[in-house]
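Written out below as structure tokens is the structure these notes cover.
The values are calculated or read from the model by the stated rules, or taken from the named source; none is laboratory data. As the structure is a computational prediction, the values presented were derived from the model and not from experiment. Neighbour counts run over all protein chains shown; Cβ positions are idealised from the backbone, glycine included. With ligands, DNA and RNA removed, areas are computed over all heavy atoms of the protein, side chains included. Shrake-Rupley method; radii C 1.70, N 1.55, O 1.52, S 1.80 Å.
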Amino acid sequence: MSKIVILTGAGISAESGLGTFRDEGGLWAQHRIEDVATPEGFARNPNLVVDFYNARRAQAAEASPNAAHDALARLERHHKGEVLIVTQNVDDLHEKAGSQNVVHMHGALNSALCARCENRWPAPLRMAPGDACPSCAAPSARPDIVWFGEIPYQMERIEAALSRANIFAAVGTSGNVYPAAGFVQLARMTGARTVELNLEPSVTVSDFEETHFGKASETVPKWVDNLLR
Ligand code: BV8
């Protein structure tokens, strides 16, 4: 049975109303990455960073999955082989659409992390710097987000899945951020078929054998229908 690994990025959530990073007016046009998505930025101004994630958590809580998320959940339900979603996104739209096999390699807005004892718990809608950890009571709660310079989560599990994949697809990602942008190379090396589904060619488009350009809510359901035929 064919094993499918799907990497998703901010583009899959764009039609659900959540901002991407590098599109016109995207999140990185409103904030400097080093101020809101690095450990140094958090140390320098924890209020700014916690508020940046509070705003995105509130937005994500109100957002609904779109036809692309729904199609990937349908693929997981009906495909005979394994389907793993590796998402760079920190929203929970894949889970809201019913996907169960999801790895959040850059963390998740609905999770809080203790910087001292590494305990994790469901994040309140609004976090504040100095919130106490429910386990060790230290005032060291932080968003459970992988910032630049930090190590993405579950890399061994991801690399193992890529080494066994028959199909690797990337949906809605610009291919700017590593190690995620390098997954297509790993997949190719082990013989997977590689597919890019994006609004426009990503930085790594030349690494993909097959491309489908357009909105994810249109290209992903079509792609899934073909796979399940
Ligand atoms: C690491 C936090 C070591 C959560 C994010 C110099 C100094 C320090 C580090 C580095 C350096 N040079 C390189 C690095 C590594 C660095 C990196 O890659 N930097 C880049 C900028 C050069 N990476 C890291 O630091 C990573 N850690 O390397 O540790 C290591 C590595 C391996 C093993 C062990 C140790 C950590 C990276 C994680 C950083 N955290 N976010 C948050 O705030 O959300 S990254 C951030 O970018 C988001 O997570 C986001 O998901 C990710 C990627 O962006 P995209 O999802 O691709 O979004 P983007 O806006 O770019 O693109 C959207 C795409 O969608 C576009 O192509 C658009 O056309 C398309 N689209 C739009 N609308 C639609 C659509 N497609 C379809 N339909 C639509 N409707």
Only helical DSSP H runs with n ≥ 4 go in: add -39500 (n - 2.57) per run for the chain, normalise by residue count and round the 222 nm mean residue ellipticity to 500 deg cm²/dmol. -9500 deg cm²/dmol
What shape does the stretch 146-193 have by the C-alpha gyration tensor, where a ≥ b ≥ c are the square roots of the eigenvalues, rounded means a/c under 1.5, and otherwise prolate means a/b greater than b/c and oblate the rest? oblate
When each pair of different Cα atoms in the stretch 1-80 is counted once in the 1/r mean, what is the Kirkwood radius in angstroms, to one decimal? 14.8
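How large, in percent, is the carbon and sulfur part of the accessible surface of the chain at a probe radius of 1.4 Å? Before the final figure, lay out the partial values.
Working: 5470 of 10700 Å².
About 51 percent, which is the carbon plus sulfur part of the accessible surface.
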Could you report the chain's accessible area per residue, 1.4 Å probe, as an integer in Å²? 47
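So if we plug the beta-carbon distance of residue 126 and residue 44 into 1/(1 + (r/R0)^6) with R0 = 30 Å, what FRET efficiency do we get, rounded to 0.05?
Details: r = 21 Å, r/R0 = 0.69.
So, using R0 = 30 Å, E works out to roughly 0.90.
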Modelling each spin label as a point 7 Å along the Cα-to-Cβ direction, I'd like the residue 115/residue 159 distance in nm, to one decimal. 2.8
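Assuming R0 = 41 Å, what is the FRET efficiency of residue 166 and residue 96, from their Cβ-Cβ distance, to the nearest 0.05? Provide the component values of the computation, followed by the final result.
Details: r = 27 Å, r/R0 = 0.67.
Result of the calculation: an efficiency of 0.90.
Determine the sum of side-chain charges near residue 191: Lys and Arg each +1, Asp and Glu each -1, restricted to other residues whose C-beta is under 12 angstrom from that of residue 191. Provide the component values of the computation, followed by the final result.
Numbers: positive: 3, 164, 188, 193; negative: 209.
Counting the neighbours of residue 191, the net charge comes to +3.
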Taking only Cα atoms of the stretch 72-116, what ratio of Rg to Rh do you get with Rh as the Kirkwood inverse-distance radius? 1.06
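Please work out how much length the chain gains when fully extended from residue 226 to residue 150, using 0.36 nm per residue of separation minus the C-alpha to C-alpha distance, in nm with one decimal. All intermediate terms of the calculation are to be shown ahead of the outcome.
Values: separation 76, 0.36 × 76 = 27.36 nm, distance 3.76 nm.
This chain segment gains 23.6 nm when fully extended.
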What does the convex hull of the Cα atoms come to per residue for the chain, in Å³? 115
